[in-house]
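Visitor: This is the structure I have questions about; it appears just below.
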Amino acid sequence: MPDTTLRHGDVRVVIDTIRPNVDCGAFPIKRAIGETVLVHAHVFTDGHDHIRVELLYRAPADDGWQILPMEDRTNDEWEARFPVTELGDYRYTVRAWVDHFDTWQADLVKKYQAGQNVGVELLIGARMLQEAAARAKAAASTGPTSASSSARGAAEGAEASARIEPWAAQLTDAGAGSTSAGSGSPASKSEGLHPEVRVARAVELAVSEELTAAVQTWPDRSRATVFEPELRVAVDRGRALFSSWYEFFPRSAAGDGTHGTFADCRRWLPEIAEMGFDIVYFPPIHPVGVAHRKGRNNATTALADDPGSPWAIGAAEGGHTDIHPELGSLKEFRALIKEAHDLGLEIAMDMAFQCAPDHPYVKEHPAWFNWRPDGTVQYAENPPKKYQDILPLNFESDDWKGLWNELKRVVLYWAKQGIRTFRVDNPHTKPFAFWQWLIAETRSKYPDLIFLAEAFTRPKVMARLAKVGFNQSYTYFTWRTSRHELEQYITELTRTELAEYFRPNFWPNTPDILPEQLQYGGRPAFVIRLVLAATLSSNFGVYGPAYELCEAQAVNGKEEYFNSEKYEIKQWDLTGDSLRPLMTRINLIRRQNRSLQNTRNIELCGSDNEAIIAYAKRSDDGDNHTVTVVSLDTHHRQSGWVTLPVGFLQLDHDEQYLVEDGLTGERYIWRGATNYVELDPHTMPAHIFTVRRKLRRENDFDYFL
């Protein structure tokens, strides 16, 4: 008969839940440098024995685990947190075992306090100490092992063994003496001390901090349970967590109707930096196809001077690793990247894996496209929409490996030029396996790369793209306008598993989308949506010139810009009245308040008026608190009572405190949870309050932090 005994039948601790994790460890959670990972675990054992639980984690370059003790919060729920300080993938897991020594200490104290003879218990403890000394001594001869802290060396092991052995002898002496005295035999070989005194001192020694620390340093983990599989944290640079994007078309940068150049773009950079943006996003800068070029407003026939859509990539001048000749040279583009960097900005490129009919790939690699029975190539369609100027790539091609490697070459080429951020066009129309491979491959060489997924599609598809590696994601914020919709959506993004891997980037408009609220809400709508985007999410962006100028002319019956810049060169007059001062102010508020530099740290506030939404944020260190209050009515004054989560804001229920509005500079003294607000859309439909607690009162003046 086969031996059916469980190989680990003596392992008694159960670890049945660890959070956070994504799909049982199939994908990593996401964090940025400087953040921490708070790990929760459900850990327990049978009976009443005590257990020890450890959080194990290691940075990308670490050979061994770093170890942190986990604390039992309540109901067998343990937690600990670790920092992430390096780019790349961290690993973490949980290890636990029955702590017989801790159990023995607790039982020893109970029996001794009950007046029971504890001689045998002291002998048991002495044996445990001897075993701990042996483990320390073994480490002294072999160096650090998986059974000892990775930070312990041979010298520490020898020193610990030398300390523990005398303690074991003292417990043996007291235990033997107590046992002998209890049976009428000679009391002990120790002289001058009454047996009860020796026992008392032994018990005191057994539970002392010094002895406990020594034994806990060299525990017996031979029957430990280790959670499998190991879980991962994908750690990005800080800009993946907190960023402000400004999009403009380089070809419109000249301002006089002629085709712009990189030199023209350089003149825009100081003003964008002054507004407080940190990422300047360019639509594709590659040669634009001539075949089936679209005219103004998506006309199927282009005039001679129509520039075409920059997303129709590729022509006789080259393809995805080439630059439109009218923009300038590669040398000039690299100079633009450097100047942006010197101003605290970075250039984000559009990565659109699609081709114009005259892209070089069509002739050089015909297998990468779908050919129809009439001998033509299948162009892009989203019936009834037709995109005759764009050919999708065939990811089911027999030469899919060649296609994948070429697209990787494209990303690495631009990364070599200094690009570290890509806005990826329509990633949901390419295989998930491709993106998982591409992002991993390119980030293995450039771990600071950031990929933003431009995917307005089904929720599960958007989630999958984030799981496979996209660092940021476009969202449905663009169409969430009511208080209920906004609260429901932000709860989904921050209170479900999505929060661990899906980093939202809120855009109130894009060159493709002019939402109805902006079409009909006037300037107040642009102010409201800007404040919401910039304070609900730590990552936000705008299609800049159009948003600054509150451009609202749409194609009749559609959420599309009339005279769209996608199909023509625009002349933007940014010298007149615009939202530029407000954009500058909001970006300054975001930089001054750490609580606005994260998305997950939000708490919704109550409001007795459905037209008013309010929410609070708190920084990780608890030193910065903000409360944002926004009227969602673009036409009428709204007022009401807002109820703040005072516990979340670390305020007492009846405490008086100052709220300072970063948008207007106005200050109000509030008290307790519920306070009154009144907002006029034609002056300022929002407050972004910094909460300042009262510190003291001197000379009849209140002082606030």
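Visitor: Let me spell it out: the conditions are (1) under 26 Å from Asn471 (Cα atoms); (2) touching a helix residue (DSSP H, G or I) at 6+ places or on another chain (Cβ under 9 Å); (3) open to solvent by less than 40 Å² (accessible area, probe 1.4 Å); (4) not aliphatic (A, V, I, L, M), and Trp414 meets all of them except one. Which number is the exception?
Guide: With (1) under 26 Å from Asn471 (Cα atoms); (2) touching a helix residue (DSSP H, G or I) at 6+ places or on another chain (Cβ under 9 Å); (3) open to solvent by less than 40 Å² (accessible area, probe 1.4 Å); (4) not aliphatic (A, V, I, L, M) applied to Trp414, the lone miss is (2).
Visitor: Residues in segment 525-545: is at least one basic (Lys, Arg), open to solvent by 30 Å² or more (accessible area, probe 1.4 Å) and in contact with a Ser or Thr (Cβ under 9 Å, 6 or more places away or on another chain)? Walk me through how you get there before you give the answer.
Guide: Here is the first cut: in segment 525-545, the ones basic (Lys, Arg) are 529.
Filter once more, so that each one left must be open to solvent by 30 Å² or more (accessible area, probe 1.4 Å): none.
Looking through segment 525-545, none of the residues is basic (Lys, Arg), open to solvent by 30 Å² or more (accessible area, probe 1.4 Å) and in contact with a Ser or Thr (Cβ under 9 Å, 6 or more places away or on another chain).
Visitor: OK, next. Restricting segment 209-266 to residues that are among the hydroxyl-bearing types (Ser, Thr, Tyr), more than 30 Å from Thr93 (Cα to Cα) and not in a helix (DSSP H, G or I), which is most open to solvent (accessible area, probe 1.4 Å)? Give the derivation first.
Guide: Of segment 209-266, the ones among the hydroxyl-bearing types (Ser, Thr, Tyr) are 212, 217, 222, 225, 243-244, 246, 252, 258, 261.
From the residues that got through so far, the ones that are more than 30 Å from Thr93 (Cα to Cα) too are 243-244, 246, 252, 258, 261.
With not in a helix (DSSP H, G or I) added as a condition, the list becomes 243-244, 246, 258, 261.
Values: Ser243: 0, Ser244: 3, Tyr246: 0, Thr258: 71, Thr261: 42 Å².
That would be Thr258.
Visitor: Could I ask something else about it? Which residues, counting only those in segment 557-572, are out of contact with any helix residue (DSSP H, G or I) (no Cβ under 9 Å at 6 or more places or on another chain) and either touching a residue at least 40 places away in the same chain (Cβ under 8 Å) or open to solvent by less than 30 Å² (accessible area, probe 1.4 Å) (or both)? Give the steps one after another, and end with the answer.
Guide: Just the residues of segment 557-572 that are out of contact with any helix residue (DSSP H, G or I) (no Cβ under 9 Å at 6 or more places or on another chain), to begin with: 557-558.
Matches in segment 557-572: none.
Visitor: Return the only residue of Leu493, Leu498 being open to solvent by 10 Å² or more (accessible area, probe 1.4 Å) and touching a residue at least 12 places away in the same chain (Cβ under 8 Å). If you could, list the steps in order and put the result at the bottom.
Guide: Details: Leu493 fails: open to solvent by 10 Å² or more (accessible area, probe 1.4 Å).
Just a single option satisfies the conditions, and that option is Leu498.
Visitor: His324 fails exactly one of the following numbered conditions: (1) assigned to a loop (DSSP other than H, G, I, E, B); (2) open to solvent by less than 20 Å² (accessible area, probe 1.4 Å); (3) not small (Gly, Ala, Ser). What is the number of that condition?
Guide: Looking at each condition in turn, His324 falls short on (2).
Visitor: Would you mind listing the strands (runs of 3 or more DSSP E) fully within segment 345-459 where at least 1 residues are among the aliphatic types (A, V, I, L, M)?
Guide: Of the strands (runs of 3 or more DSSP E) lying wholly inside segment 345-459, those with at least 1 residues that are among the aliphatic types (A, V, I, L, M) span 346-351, 380-382, 421-425, 450-454.
Visitor: Kindly check whether there is at least one residue in segment 91-111 that is without any contact (Cβ under 8 Å) to a residue 24 or more places away in the chain, over 27 Å from Lys445 (Cβ atoms) and touching an Asp or Glu at 6+ places or on another chain (Cβ under 8 Å).
Guide: Within segment 91-111 (the criterion being without any contact (Cβ under 8 Å) to a residue 24 or more places away in the chain, over 27 Å from Lys445 (Cβ atoms) and touching an Asp or Glu at 6+ places or on another chain (Cβ under 8 Å)), the answer is yes, since at least one residue qualifies.
Visitor: A follow-up question, please. Examine segment 595-606 for a residue that is open to solvent by 10 Å² or more (accessible area, probe 1.4 Å), hydrophobic (A, V, I, L, M, F, W, C), touching a helix residue (DSSP H, G or I) at 6+ places or on another chain (Cβ under 9 Å) and not in a loop (DSSP other than H, G, I, E, B), and state whether such a residue exists.
Guide: Yes, segment 595-606 has at least one match.
Visitor: Let me ask you something else. Considering segment 474-533 alone, what residues qualify as being of a type in the set (Val, Ile, Thr) and either under 27 Å from His636 (Cα atoms) or not in a helix (DSSP H, G or I) (or both)?
Guide: Matches in segment 474-533: Thr475, Thr478, Thr481, Ile490, Thr496, Thr510, Ile513, Val527, Ile528, Val531.
Visitor: Give me a count of the residues in segment 387-411 that are within 21 Å of Ser473 (Cα to Cα) and either open to solvent by 20 Å² or more (accessible area, probe 1.4 Å) or among the charged types (D, E, K, R) (or both).
Guide: So the count comes out to 1.
Visitor: Shifting gears a bit: Of all residues in segment 386-404, count the ones that are touching a helix residue (DSSP H, G or I) at 6+ places or on another chain (Cβ under 9 Å) and not hydroxyl-bearing (Ser, Thr, Tyr).
Guide: Qualifying residue count, segment 386-404: 11.
Visitor: Inspect all residues belonging to segment 372-384 and state whether any of them is under 30 Å from Asp278 (Cβ atoms), out of contact with any strand residue (DSSP E or B) (no Cβ under 6 Å at 6 or more places or on another chain), open to solvent by less than 60 Å² (accessible area, probe 1.4 Å) and of a type in the set (S, T, N, Q).
Guide: No.
Visitor: Something else now. Does Asp99 satisfy the condition of being of a type in the set (Asp, Glu), on the phi > 0 side of the Ramachandran plot and modelled with pLDDT of 95 or more?
Guide: no
Visitor: Checking Gln592 against (1) more than 22 Å from the chain's Cα centre (by Cα); (2) surrounded by fewer than 17 Cβ atoms within 10 Å (Cβ to Cβ), which single condition isn't satisfied?
Guide: Status for Gln592: all satisfied but (1).
Visitor: Taking the conditions exactly as written (on the phi < 0 side of the Ramachandran plot and either hydroxyl-bearing (Ser, Thr, Tyr) or over 18 Å from the mean Cα position of the chain (by Cα) (or both)), does Leu549 satisfy them or not?
Guide: Yes: the conditions hold for Leu549.
Visitor: Going through segment 243-295 one residue at a time, which ones are without any contact (Cβ under 8 Å) to a residue 60 or more places away in the chain and among the aromatic types (Phe, Trp, Tyr)?
Guide: Trp268
The values are calculated or read from the model by the stated rules, or taken from the named source; none is laboratory data. Treat the numbers as computed from the prediction; the structure is a model and nothing was measured. Reconstructed Cβ throughout: ideal geometry from the backbone, glycine too, with neighbour counts over all protein chains shown. Protein only, heavy atoms only, side chains kept; ligands, DNA and RNA dropped before computing areas. Shrake-Rupley method; radii C 1.70, N 1.55, O 1.52, S 1.80 Å.
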